[in-house]
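Working notes, beginning with the structure itself.
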Amino acid sequence: MYDYFKGLITDKKKTAKGAFITIETSGCGYLLEVTDRDFFAAVIDEEKKQKIYVFLTHREDAMSLYGFSNKETRDIFQILLSVSGVGAKMAIALLNEFDACDVISLVIDGDYKELTRAKGVGPKLAQKIILELKDKLMKTELPRTAAALPQTQAIDDTQAVLLSLGYESKEIEDALNKVLPSIQDSSNSEEVLRKALTCLSM
């Protein structure tokens, strides 16, 4: 329903229920729950408009809006919600502990023990997250283009993940072509993915 709001951040507060910011756009103030990382980065500025990506959840008894400073984190939040047993609070807890790239890398590597660092995530749930998301992140069939990128597992993995996040193959290829010259080890999946995500979010 909503993709993003562009407006003025007019308030921010932390409560026992979580971290929240208020963004005003078109005369309406929207209360968004955010990660701790985005909460501390948010600056109240009633003159400069800011862009916040949003996701709306709807339960029988409540509707809630969640805000994210970049599209990638919002998309990973949405993917986490697809795991049975992971609700919005748990997804926020994971993104409080890890950035979007770290979550992807831990899932692909199958490192469930590291995922348990997030508040409320036990070993069984961590393993379930990996079981349900690894294939989802990696199953996208890769297009083969004329201007072929170097064929390493890290690059293939990065393309698959970015396609699963909704990026177009051409913009992924352009981003990889930009960042690969600055990467010393193109077999390092985490570095390739992190730099490609950074480039795409600019």
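Laboratory data are not the source of any read-out in this text; all were calculated from the coordinates shown. Computed from a predicted structure; not experimentally measured. Using ideal geometry, Cβ is built from the backbone for each residue, glycine included, and neighbour counts are taken over all protein chains shown.
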Practice problem: Please give the helix 123-138 orientation as an angle from the longest Cα principal axis of the chain, in degrees from 0 to 90, rounded to the nearest 10. | Solution: 60
Practice problem: Assuming a ≥ b ≥ c are the square roots of the Cα gyration tensor eigenvalues, decide whether region 4-68 counts as rounded (a/c under 1.5), prolate (otherwise, with a/b larger than b/c) or oblate. | Solution: oblate
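Is the C-alpha gyration tensor of the chain telling us rounded, prolate or oblate? Criteria: a/c under 1.5 is rounded; beyond that, a/b larger than b/c is prolate, otherwise oblate.
Values: a/c = 2.08, a/b = 1.40, b/c = 1.49.
Oblate, because a/c is 1.5 or more while a/b does not exceed b/c.
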Practice problem: Assuming R0 = 22 Å, can you tell me the calculated FRET efficiency for the pair THR10 and SER64, based on Cβ-Cβ distance, to the nearest 0.05? | Solution: 0.70
Quiz item: Rounded, prolate or oblate: which fits region 72-136, taking a ≥ b ≥ c as square roots of the Cα gyration tensor eigenvalues, rounded meaning a/c under 1.5, else prolate when a/b beats b/c?
Solution: rounded
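List, in the order given, every pair from LYS51/LYS128; LYS124/LYS178; LYS12/LYS89; LYS13/LYS48 whose Cα-Cα distance in the structure shown is over 29 Å.
Listed pairs above 29 Å: LYS51/LYS128; LYS124/LYS178.
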Self-check item: Unit charges at the beta carbon, dipole of the chain: most positive-side option, ALA16, LEU197, ALA42
Solution: ALA16
Quiz item: Straight-line reach from LYS195: which aspartates and glutamates have Cα under 15 Å away, leaving out those fewer than 8 places along the same chain?
Solution: GLU72, ASP99, ASP102, ASP156, ASP157, GLU171, GLU173, ASP174, ASP185
Quiz item: Of ASP102, ASP45, ASP11, which has the largest mean-square fluctuation in a 10 Å C-alpha GNM of the chain?
Solution: ASP45
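Could you work out the helix-only [θ] at 222 nm for the chain, with each DSSP H run of four or more residues adding -39,500 (n - 2.57) and the total divided by the number of residues, to the nearest 500 deg cm²/dmol? Don't jump to the answer; show the numbers that get you there.
On the way: 9 runs with 92 residues, N = 202.
One gets -13500 deg cm²/dmol as the mean residue ellipticity at 222 nm.
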Quiz item: Got a sec? How would MET63, MET138 order by Cβ neighbour count within 10 Å, fewest to most?
Solution: MET63, MET138
Quiz item: Between the helical axis of 153-164 and the dominant principal axis of the chain, each derived from Cα atoms, what acute angle in degrees is found, rounded to the nearest 10?
Solution: 40
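Quick one: order LYS195, LYS128, LYS136, LYS170 by neighbouring beta-carbon count within 10 Å, fewest to most.
Result, fewest neighbours first: LYS170, LYS136, LYS128, LYS195.
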Quiz item: Counting other C-beta atoms within 10 Å, which of PHE40, PHE55, PHE20 has the fewest, and how do the rest follow?
Solution: PHE40, PHE20, PHE55
